[in-house]
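Trainee: This structure is in structure tokens; I'll ask about it shortly.
The values are calculated or read from the model by the stated rules, or taken from the named source; none is laboratory data. Small disclaimer: the values here were computed from a predicted structure and weren't measured. Counting neighbours? That spans all protein chains shown, and the Cβs are built from the backbone with ideal geometry, glycine included.
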Amino acid sequence: MYRILIVEDDGGIAEAIARQAGRWGLEAACAADFTDIMAEFAKFDPQLVILDIALPFYNGYYWCGRIREVSRVPIIFISSASDNMNIVMAMNMGGDDFIAKPFDQAVLMAKIQALLRRTYDFGAGVPVLECGGAVLNTGDQTLHYQGQRVELSKNEYRILLSLMEDRGKVVSREKLMERLWQTDSYVDENTLTVNVNRLRKKLDAAGLSDFVVTKFGVGYMVG
């Protein structure tokens, strides 16, 4: 079942799209926190996004740009502002299609089905993890924060992946070493400390100070 994230602040329109998507065998979620769409995107991990242009706090163009930093998931813009400038802008920002309001639900569903077929005949989407505005792309193993792309070493990525998978919980040093040991390199406690410190320096440089918190005698955590 494909997952569709609906980013539309008109609750009536959003719910109508979700109900129709359900009838077509799609799993739909309506965004609720318009201050942090990336958190909802990472949590729901959709295969397609329906994105309104006029939204509270930040517009659809902004969120399209943020999504494109970490994912190639297809995006359909919906808007009552259907002039050529908005359509061109939507496509230039990384949108895959545009449909003007008011629209026929059957037409929207047909566009969704066509995009899903074109996209996922060639491979699955790449999951992402989000915490505090930082988004970890598990496809290319990079971290994205406020428009910055942070390149990670193999061990830095594995450490951060473990912490973000268990965000809000302390991950023991033993579990982190086991995670790295099960791959292809032996990691002792000192090596783990060195890798965590290098990761912290990269995070600090990107503006993510104190992102990884030490719980002395136990391990580390994020979130």
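Conditions (1) buried (at least 16 other Cβ atoms within 10 Å of the Cβ); (2) not aliphatic (A, V, I, L, M), marked per residue:
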site: ASP10; (1), (2): no, yes
site: ALA14; (1), (2): yes, no
site: GLY22; (1), (2): no, yes
site: ALA28; (1), (2): yes, no
site: PRO46; (1), (2): yes, yes
site: PHE57; (1), (2): no, yes
site: ARG66; (1), (2): yes, yes
site: ARG72; (1), (2): no, yes
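Trainee: Check the stretch 125-146 and report whether any residue there is part of a helix (DSSP H, G or I) and within 12 Å of VAL49 (Cβ to Cβ).
Mentor: Scanning the stretch 125-146, I find no residue that is part of a helix (DSSP H, G or I) and within 12 Å of VAL49 (Cβ to Cβ), so the answer is no.
Yes/no matrix, rows are residues, columns are (1) of a type in the set (Val, Ile, Thr); (2) under 18 Å from GLN47 (Cα atoms); (3) without any contact (Cβ under 8 Å) to a residue 24 or more places away in the chain:
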| residue | (1), (2), (3) |
| --- | --- |
| ILE78 | yes, yes, no |
| ASN84 | no, no, yes |
| MET91 | no, no, yes |
| VAL107 | yes, no, yes |
| ALA110 | no, yes, yes |
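Residues are listed down the side, and each one gets a yes or a no for (1) at pLDDT below 85; (2) out of contact with any Cys (no Cβ under 7 Å at 6 or more places or on another chain); (3) over 13 Å from GLN20 (Cα atoms); (4) not hydroxyl-bearing (Ser, Thr, Tyr):
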site	(1), (2), (3), (4)
ALA81	yes, yes, yes, yes
ASN84	yes, yes, yes, yes
ALA114	no, yes, yes, yes
TYR120	yes, yes, yes, no
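Trainee: Given the conditions (1) more than 27 Å from HIS144 (Cα to Cα); (2) under 18 Å from the mean Cα position of the chain (by Cα), which single one is not true for ILE13?
Mentor: It is condition (2) that ILE13 fails.
Trainee: Has the stretch 192-215 got any residue that is at pLDDT below 90 and part of a loop (DSSP other than H, G, I, E, B)?
Mentor: Checked against the condition, which is being at pLDDT below 90 and part of a loop (DSSP other than H, G, I, E, B), the stretch 192-215 yields no hits at all.
Trainee: How about the stretch 146-163: which of its residues are farther than 19 Å from VAL73 by Cβ and not polar (S, T, N, Q)?
Mentor: VAL150, GLU151, LEU152, LYS154, GLU156, TYR157, ARG158, ILE159, LEU160, LEU161, LEU163
Trainee: May I pose another question? Would you confirm whether or not the stretch 175-188 contains a residue that is assigned to a helix (DSSP H, G or I), more than 21 Å from SER71 (Cβ to Cβ), in contact (Cβ under 8 Å) with a residue 40 or more places away in the chain and out of contact with any Phe, Trp or Tyr (no Cβ under 9 Å at 6 or more places or on another chain)?
Mentor: The answer is yes, given that some residue of the stretch 175-188 is assigned to a helix (DSSP H, G or I), more than 21 Å from SER71 (Cβ to Cβ), in contact (Cβ under 8 Å) with a residue 40 or more places away in the chain and out of contact with any Phe, Trp or Tyr (no Cβ under 9 Å at 6 or more places or on another chain).
Trainee: Take the conditions within 30 Å of SER209 (Cα to Cα) and either surrounded by 18 or more Cβ atoms within 10 Å (Cβ to Cβ) or hydroxyl-bearing (Ser, Thr, Tyr) (or both) and apply them to LEU108. Does it pass?
Mentor: So LEU108 fails the test.
Trainee: Hey, can you tell me all the residues within the stretch 89-103 that are closer than 19 Å to VAL73 by Cβ and among the charged types (D, E, K, R)?
Mentor: ASP96, ASP97
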